[in-house]
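Working notes, beginning with the structure itself.
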Amino acid sequence: MVQPKCRILCVDDHEDTSEMLKLLLSHEDYEVVTAVTSAEALQLAQSQDFDLYVLDKHLPDGNGLELCRKLGEVTPDVPCMFYTGDAYEIQRQQALAAGAHGYVAKPDIDGLIDGVRKLLSERECSEGMKSS
């Protein structure tokens, strides 16, 4: 039986960032779905199964903090982390208070990939993944 890949929903209003994340995380053997708005992300979260949410704080129809709270209500067992340009400690604390499990400031790609690996390491989808 083929082990399913871990599925990540990346929510960012910049399509170039979403595509870069999709490419990088796919290279790490994750399946990545992208969304541009909070509404689109919530609809996807309610209709598909994900193992992790990667969110930007600034979205066209709201903010990532509120989206993190809503996703936590809809799918409480799925962690979320922020990948955002907001780099101050107070912003990280606000994200963690909203339910985030991780916070990485752009453009720290290595930090993002490490955070994703860490959050997904305990998930069932990662059991069959090779360690790198």
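The values are calculated or read from the model by the stated rules, or taken from the named source; none is laboratory data. Fair warning: this is a prediction, and the values are worked out from it, not measured in the lab. Cβ coordinates were reconstructed from backbone atoms using ideal geometry, including for glycine residues, and neighbour counts include every protein chain displayed. Just the protein is used for accessible areas: all its heavy atoms, side chains included, with ligands, DNA and RNA removed. Shrake-Rupley method; radii C 1.70, N 1.55, O 1.52, S 1.80 Å.
Give me the angle, in degrees from 0 to 90, between the Cα long axis of helix 15-27 and the longest principal axis of the Cα atoms of the chain, rounded to the nearest 10.
Between helix and principal axis, roughly 30 degrees.
DSSP beta bridges in the chain, what fraction antiparallel, as a percent rounded to 5?
Antiparallel bridges: around 10 percent, rounded to the nearest 5.
Using only Cα atoms, tell me the angle between helix 38-47 and the longest principal axis of the chain; keep it within 0 to 90° and round to the nearest 10.
Its long axis makes an angle of about 30 degrees.
From Cα pairs below 8 angstrom and at least 6 apart in sequence, can you work out the relative contact order of the chain, rounded to a whole percent?
Working: 215 pairs, mean separation 29.8, N = 132.
For the chain, the relative contact order is 23 percent.
Where the accessible area of region 1-100 is counted over protein heavy atoms with a 1.4 Å probe, how much of it, in %, is carbon and sulfur? Walk me through the intermediate numbers first.
Values: 2650 of 5090 Å².
Carbon with sulfur: 52 percent of the solvent-accessible area.
Can you send over the solvent-accessible area of residue 75, 1.4 Å probe, protein chains only, in Å² to the nearest 10?
Its accessible surface works out to 20 Å², give or take rounding.
Given the convex hull of the Cα atoms of the chain, what is a quarter of its surface area in nm²?
Dividing the Cα hull surface by four gives the mean projection, 7.5 nm².
Quick one: which of 52-61, 85-94 comes out on top by average Cβ neighbours within 10 Å, and what's the full order, highest first?
52-61, 85-94
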